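Nothing in this text is a laboratory measurement; each read-out follows from the coordinates by a stated rule. All figures in this text were calculated on a predicted structure; none of them were measured in a lab. Ideal geometry is used to build each Cβ from the backbone, glycine not excepted, and the neighbour counts take in all protein chains shown.
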Amino acid sequence: MLLKLVVLLLDFKALGITLFGPDYSSSDASAYISSYSSSDNFDPRECKNTRTGVDYRGTLSLTQSGKPCKDWRDFPRWIEKYPESDLNGPYCRNPDDDLGGPWCFTIGGSWDSCKIIDCVKYFSSNKK
């Protein structure tokens, strides 16, 4: 499963689609993904602190169904309506506090939910 995800991520790179923000290189996708398995390397920005993830400010830009996110700057009305939501890039966000959690507009012209790790569950299950 992990190998399929890494291959998918590298395919997106070949198409020139950025899946992670400036702090992560998509060419090092396997290291990024494996960071989820070690709390020593885990970036706390990559998890949500609330049930709906309205606080999520990580760099995931791929939906749970594998679709790349569009840049929020392509949707200025959303930026105007939710100025505190950090809508600047192709990242999963939840500006409208949707009960389904963080989401994004997709390349296909629709929107889709993103699967974001719950911080409390992650860190409580990875205590040393």
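For a quick check: with amide H placed at 1.01 Å from N, whose amide H comes under 5 Å from THR63's, ignoring anything fewer than 5 positions away on the same chain?
CYS69
For the peptides 112-118, 75-81, 90-96, what is the packing order when you average, over each peptide's residues, the other Cβ atoms within 10 Å and list the highest mean first?
Top to bottom by mean Cβ count within 10 Å: 90-96, 112-118, 75-81.
Starting from 0.36 nm per residue, how many nanometres of slack lie between SER110 and ASP43 once their C-alpha separation is accounted for?
Residue separation times 0.36 nm, minus the Cα-Cα distance, leaves 21.2 nm.
So how do LEU60, LEU99, LEU87 line up by other beta-carbon neighbours within 10 Å, fewest first?
Least to most surrounded, the residues fall as LEU99, LEU87, LEU60.
Counting only residues 5 or more places away or on other chains, whose amide H sits under 5 Å from the amide H of CYS47 once H atoms are built in the peptide plane?
none
Taking the beta-carbon count within 10 Å as an exposure proxy, list LYS121, LYS48, LYS67 from fewest neighbours to most.
With the fewest neighbours first, LYS121, LYS48, LYS67 line up as LYS121, LYS67, LYS48.
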